[in-house]
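Every number in this text was worked out from the coordinates using simple rules, so none of it is lab data. Since this is a predicted model, take the numbers as computed values, not measurements. Here the Cβ positions follow ideal geometry from the backbone for every residue, glycine too, while neighbour counts run over all protein chains shown.
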Amino acid sequence: MATLLINGQWRAASDGQTIPVLDPCDGKPFTTIDRGTAADIDAAVKSAQAALDGDWGRMTATERGRILMKFGELIVKNAEAIAKIEAQDTGKPMTVARNDIVAVARYFEFYGSAADKIHGEQIPYLNGYNVQVVRVPHGVTAHIIPWNYPAQMFGRTLAPALAMGNACVLKPSEDACLSGIKLAELLMEAGLPAGALNVVTGYGHEAGAALTAHPGINFATFTGSPEVGVMVQEATAKNAVPCVLELGGKSPQIVFNDVDVDKAVPIIVKAITQNAGQTCSAGSRLLVQEDIYDSFMQRVAEAFAKVKVGTPEMDLDCGPIVNKKQFERVNGFIDHAIATGVPLLARGSLADGVAKDGYFVAPALFGAVPRDHKLACQEVFGPVLAAMPFKDEEDAIRLANSSEFGLVSGVWTENGGRQQRMAARLQTGQVFINCYGAGGGVELPFGGMKRSGHGREKGFLALEEFSTTKTVVLHHG
Ligand code: NAD
């Protein structure tokens, strides 16, 4: 089946080329996607522009919202089939894939019901004037998403954009985009007019670069690596187009000596092993107050050693790494840490029967990691946790904020004053206290500080981010 959706029609790439899709559980190809070209991107942008001038642009907010909510229902109806597609494409356990599909439905329910709740303002001005500030869509929006949560990202980026009336061009990841294709089919079935959503599968340096550099787009949003994020910002800046960037992190879990250990340990382990650590907001640094460091790490190590890795059908704690390149990158971090003498405190294990050619990595817990070690500073994007002791509150803040990233942080303490002080001083877009949500629910604004990016997705703030305002000044005398 063709995987490009342009002007409501599914079609192959303009030059007929395709990309093989590999199963991360055995490294073997099982299908292909179309390799979209710059010409396909141009057609997709033109189709989006035409939609804004046509049925889609004329729809009321209520009508748009109804389509999105109907789509939410269709996702729920087809949830098991979509979860299977997602699990095969990414290797994630079926339970995780099922939860991801529930989350996609939530995005469309939430933003579908919010579409007609966004109001403008009326400003008191000079006598004889009526001034309104109305909220309007950006126009054509470009959406570049990664492979770690392809279905969830589809919802996170498209639901608020469509709710606000933008016409979208989506370039999903070449490493995992099959759920997005199925979702786009269902969105058309829900009644979305042709051209309101266009999907161009293909490589980042081809279709992705052509999209972000296209002079016809009015806004771009990107989730992925910091390196590509900067390229996206450069490309959009050339056309003075705003962009939102979500670029990952090195999120600290900060554990004080009054922690509720039984509550904290399973959540801390899950925060780095969930989705095989391929989560932008994974809790990848564990900072523990020095007087409980040994006893606390003992408990974390025991829990870590029990983590099991397997195929989607085995439905264990985590699945494989998404592709060979990432598999080698994650193993590179583990090998380097061992070679440089960082103590390996525990490893999870691979289930019996996983294919030897699959990209499975046994989760690894290291500590104490020197503060300037590569493992303490760089994003691994795998199930590797770097533990470090700290002295007191001041030292914890210094260590937590020393990262170039600033996406999410977790604080574990029963001391109310300390909870407030930490929340105030941590330089991250989200702070979790005595819990950890890895991004949290659809209701919670999400995004980075520093090198983790800028702009906010999720929650009502996404509706502001994915729209702009127009000030209308009327003189009535
Ligand atoms: P990437 O940044 O290369 O890819 C993300 C998306 O950007 C994909 O859709 C890709 O096709 C597209 N892309 C790539 N080059 C592009 C370009 N020049 N112009 C426009 N779009 C382009 O990420 P990756 O190579 O898949 O993963 C590498 C690293 O990125 C990981 O190790 C991890 O650190 C990070 N990452 C972060 C997230 C996140 O959620 N923040 C997700 C995936 C990967």
message: If I stretch the segment between D262 and N99 completely, what's the gain in nm (0.36 nm per residue apart, minus their alpha carbon distance), one decimal?
response: 56.2 nm
field: Using alpha carbons only: equivalent-ellipsoid semi-axes of the range 28-70, gyration tensor based, whole Å
entry: 30, 18, 5
statement: With a Förster distance of 35 angstrom and the Cβ-Cβ distance between Y125 and E404, calculated FRET efficiency to the nearest 0.05 equals 0.20
- request: Could you pull the Cα extents of the range 373-477 along its three principal axes, largest to smallest, in whole Å?
  value: 69, 33, 23
Size of electric dipole in the range 226-291: Cβ of Lys, Arg +1 and of Asp, Glu -1, about Cα centre, debye, nearest 20: 300
query: Of all the C-alpha pairs in the range 317-383, what % are more than 15 Å from each other?
result: 53
message: So if each residue of separation counts as 0.36 nm, and I subtract the Cα-Cα distance between T471 and N434, what length gain in nm does that give?
response: 9.0 nm
statement: Computed over the range 200-257, the distribution of all Cα-Cα distances in 5 Å bins, rounded to whole %, is 4, 19, 25, 21, 10, 5, 5, 4, 4, 2, 1
field: Distance between the range 66-108 and the range 215-258 - C-alpha centres, whole angstrom
entry: 25
query: Taking Cα atoms of the range 87-137, Rg/Rh with Kirkwood Rh, to two decimals?
result: 1.42
task: Take Q378, project a point 7 Å from its Cα along the Cβ direction, then tell me which residues of the range 237-280 have their backbone nitrogen under 15 Å from it.
output: 249-250
Estimated inter-spin distance, S113 and D392, nm [label 7 Å along Cα→Cβ]: 4.8
- prompt: Rg (Å, one decimal) plus Dmax (Å, integer) for the alpha carbons of the chain?
  reply: 23.0, 81
- prompt: What is the local net charge at V380, summed over the other residues whose Cβ is closer than 11 Å to its Cβ (Lys, Arg +1; Asp, Glu -1)?
  reply: +3
Cut-off 9 Å between beta-carbons: net charge of the residues surrounding S179, Lys and Arg +1, Asp and Glu -1: -2
- line: Output for the range 160-273 (equivalent-ellipsoid semi-axes, sqrt of 5λ from the C-alpha gyration tensor, Å, descending) is 34, 20, 14
task: Just rank V307, V104, fewest to most, by other beta-carbon atoms within 10 angstrom.
output: V307, V104
statement: Using the Cα gyration tensor of the range 160-218, the equivalent ellipsoid's semi-axes, largest first and to the nearest Å, work out to 20, 16, 8
- line: Total charge of the residues flanking Q253 in space, meaning their Cβ is under 12 Å from its Cβ, with Lys and Arg +1 and Asp and Glu -1, is +3
- line: When I41, I181, I254 are ranked with the fewest other C-beta atoms within 10 Å first, the list becomes I181, I254, I41
For the range 73-205, diffusion coefficient by Stokes-Einstein and Kirkwood Rh (Cα), 37 °C, 0.692 mPa s, µm²/s: 205
message: Along its three principal axes, how long is the range 271-421 when you only count alpha carbons? Whole Å, largest extent first please.
response: 49, 28, 27
message: Taking the beta-carbon count within 10 Å as an exposure proxy, list H476, H205 from fewest neighbours to most.
response: H476, H205
statement: 1/(1 + (r/R0)^6) with r = Cβ-Cβ of K238 and N7, R0 = 25 Å, i.e. FRET efficiency to nearest 0.05, evaluates to 0.40
- request: Work out, step by step, the length gained on full extension between D357 and D53: first 0.36 nm times the residue separation, then minus their alpha carbon distance; give nm to one decimal.
  value: 104.4 nm
Cα gyration tensor, the range 1-86 - rounded (a/c under 1.5), prolate or oblate: oblate
message: Which residues among the range 153-185 fall inside the zone where the amide N is under 16 Å from a point 7 Å beyond the Cα of A81, along Cα→Cβ?
response: 178-185
